[in-house]
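Since the structure comes first, as structure tokens, the remarks are kept for the end.
The numbers here are math on the coordinates, done by the rules we state, and not lab data. Source: prediction; values computed, not measured. Cβ coordinates were reconstructed from backbone atoms using ideal geometry, including for glycine residues, and neighbour counts include every protein chain displayed.
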Amino acid sequence: MFTNSKPTLYRNTTRVLVLKPMEGKTPKSTTGSLDARLFTGENKLNAILDPRTRLWYLKYSAGGGLQEPLKQKFTSFEALLKHVTDYFLKRNVQITEIID
């Protein structure tokens with residue numbers, strides 16, 4: 001699981017969440033398996049700050065829409081990160097890195 005032991009000063013309004021299946025487990029979703037491109041780098045999960053509303057939201061880099069639980073807006077990056085971490089842990093996936 002991704003852990004951040006000290007406060008990080010993020011600068012960019014778009015951050016890439018790098019995902020990886022948990023060791024020894026198969027990634028899963030309610031509709032089957034998750035897009036394997038999320039683990040190879042061909043597709044990325046982006047956290048984006050809307051400059052007008054100052055709310056964070058998620059978007060995939062390539063194709064496909066988000067799963068319903070991820071179609072939300074968040075008042076802080078930390079709230080988004082907690083929600084996404086909890087969502088993917090239930091699906092045997094962990095966040096390994098945040099690219100700022």
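In debye, nearest 20: dipole of region 32-100 around its Cα centre with unit charges on the Cβ of K, R (+) and D, E (-)? Before the final figure, lay out each step's value.
Details: 10 positive and 8 negative charges, 44 e Å.
The calculated dipole for region 32-100 is roughly 220 debye.
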Which residue, 46, 70, 21, has the largest displacement toward the positive end of the dipole of region 14-99 when charges sit on each Cβ (Lys, Arg +1; Asp, Glu -1)?
70
For residue 96 paired with residue 23, estimate the spin-label separation in nm (one decimal), with each label point 7 Å from Cα along the Cα-to-Cβ line.
1.1
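From the cross-link list 20/44; 20/59; 20/90, which pairs have alpha carbons spaced over 19 Å apart?
Values: 20/44 11 Å; 20/59 17 Å; 20/90 13 Å.
Cα-Cα > 19 Å for no pair; all within.
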Here the gain from full extension of residue 46 to residue 82, 0.36 nm per residue of separation minus their alpha-carbon distance, amounts to 11.5 nm
